[in-house]
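The values are calculated or read from the model by the stated rules, or taken from the named source; none is laboratory data. It should be emphasised that the depicted structure is a prediction, and the values quoted were computed from it without experimental measurement. Because the Cβ atoms are built from the backbone with ideal geometry, glycine has one as well, and the counts that use them run over all protein chains shown.
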Amino acid sequence: MRILVVEDEHKIAHALKKGLEQEHFSVDVVYTGTDGYDFASTGDYDVILLDVMLPGMNGVDVSDRLRKDRVDTPILMLTAKSELEDKVAGLNSGADDYLTKPFAFEELLARIRALLRRPPVAVEDELMCSDLNLNTQSYFVSRNGKEISLTRKEFALLEYLMRNKGKILTKEQIITHVWDYDSDILENTVEKYIGYLRTKIDSPFPKSKKLIQTVRGFGYKIFV
């Protein structure tokens with residue numbers, strides 16, 4: 001899952017990025033409202049964490065413009081302001097939730113997951129493809145009852161494939177959704193990680209069908 005953090009306080013932004021990446025999210029960070037609007041309106045994000053007091057364009061204006069542009073990505077506003085009128089302004093601008101600083105990271109994480117469970121995203125905690133299971137809360141992956149150990153990036157890639165099971169995903173789609181904007185991605189990075197996954201979820205199970213398939217000239221898909 002991919003998150004955009006729009007926060008002008010670099011220390012807070014870096015702490016959020018580090019914490020969310022430890023929870024297997026892919027995270028992009030920008031520090032101005034103008035950049036936040038540009039990234040949010042052109043990128044493929046699952047949640048936007050949006051500070052209110054921002055240089056260039058404040059968070060309320062960013063949210064309002066995104067909604068007018070029909071960008072329906074869930075927005076969680078982060079701000080030091082706690083007055084009722086500020087919360088109302090944020091929610092009226094199109095934000096889905098509001099969290100006042102300072103906050104516990106555990107509460108932020110719970111609110112993000114709550115947003116991901118809402119339509120149209122409707123993100124499930126338990127994913128299944130044939131005899132392969134993945135739990136996004138516990139990060140437990142198993143096939144045919146046998147636990148599979150994955151790195152964070154392998155987990156993120158497998159989760160993206162499983163959320164789009166049966167669909168052909170191009171390398172560009174995979175890179176955009178699984179890797180951060182600033183990541184140094186080589187031409188064969190996706191191929192390497194697909195190979196890592198096959199080694200862990202297909203090769204050890206010769207009696208089960210191969211789940212990860214290459215669609216030559218197009219990309220990859222995971223069978224239902």
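Values for this structure:
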quantity: In the range 202-217, residue farthest from Leu161 (Cα to Cα) [restricted to those that are at pLDDT 90 or above, in a loop (DSSP other than H, G, I, E, B) and not charged (D, E, K, R)]; calculated: Pro206
quantity: Residue under evaluation Thr176, criteria (1) in a strand (DSSP E or B); (2) under 25 Å from Lys17 (Cα atoms), criterion not met; calculated: (1)
quantity: Arg118 being in a helix (DSSP H, G or I) and either touching a Lys or Arg at 6+ places or on another chain (Cβ under 8 Å) or closer than 26 Å to Val224 by Cα (or both); calculated: no
quantity: Residue match in the range 61-69 (condition: of a type in the set (A, V, I, L, M) and either within 23 Å of Gln173 (Cα to Cα) or without any contact (Cβ under 8 Å) to a residue 12 or more places away in the chain (or both)); calculated: yes
quantity: Given (1) within 13 Å of the chain's Cα centre (by Cα); (2) at pLDDT 95 or above; (3) surrounded by fewer than 16 Cβ atoms within 10 Å (Cβ to Cβ), number of the condition Val5 does not satisfy; calculated: (3)
quantity: Single residue of Glu126, Glu172 found to be within 18 Å of Tyr45 (Cβ to Cβ) and exposed (fewer than 14 other Cβ atoms within 10 Å of the Cβ); calculated: Glu172
quantity: Exclusive hit being under 22 Å from Phe25 (Cβ atoms) and touching a residue at least 24 places away in the same chain (Cβ under 8 Å), set Lys167, Lys221, Lys192; calculated: Lys167
quantity: Any hit, the range 100-111, residues being surrounded by fewer than 19 Cβ atoms within 10 Å (Cβ to Cβ), modelled with pLDDT under 90, in the same structural domain as Gly33 (by TED's automatic domain parsing) and touching a strand residue (DSSP E or B) at 6+ places or on another chain (Cβ under 7 Å); calculated: yes
quantity: So Leu91, is it hydrophobic (A, V, I, L, M, F, W, C), at pLDDT 90 or above and either surrounded by 17 or more Cβ atoms within 10 Å (Cβ to Cβ) or under 24 Å from Val29 (Cα atoms) (or both); calculated: no
quantity: Residue, farthest from the chain's Cα centre (by Cα), within the range 179-224, restricted to residues that are aliphatic (A, V, I, L, M) and more than 22 Å from Glu21 (Cβ to Cβ); calculated: Val215
quantity: Top-ranked residue in the range 127-161 [being farther than 20 Å from Phe205 by Cβ and touching a strand residue (DSSP E or B) at 6+ places or on another chain (Cβ under 8 Å); ranked as modelled with the lowest pLDDT]; calculated: Thr136
quantity: Residue tally, condition part of a loop (DSSP other than H, G, I, E, B) and farther than 20 Å from Glu9 by Cα, over the range 74-113; calculated: 6
quantity: Pair list, Cβ < 8 Å and 6+ apart or interchain, from the range 129-143 residues that are among the acidic types (Asp, Glu) to residues that are assigned to a strand (DSSP E or B); calculated: Asp131/Arg143
quantity: Residue check, Ser208 of a type in the set (Gly, Ala, Ser) and free of Cβ contacts under 8 Å to residues at least 12 places away in the same chain; calculated: no
quantity: Residues satisfying the stated conditions in the range 167-198, i.e. among the small types (Gly, Ala, Ser) and at pLDDT below 90; calculated: Ser183
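Quick grid of which residues meet (1) in contact (Cβ under 8 Å) with a residue 24 or more places away in the chain; (2) within 25 Å of Leu157 (Cα to Cα):
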| position | (1), (2) |
| --- | --- |
| Ala13 | no, yes |
| Glu21 | yes, yes |
| Ser26 | yes, yes |
| Thr34 | no, no |
| Phe39 | yes, yes |
| Val88 | no, no |
| Ser93 | yes, no |
| Pro102 | no, no |
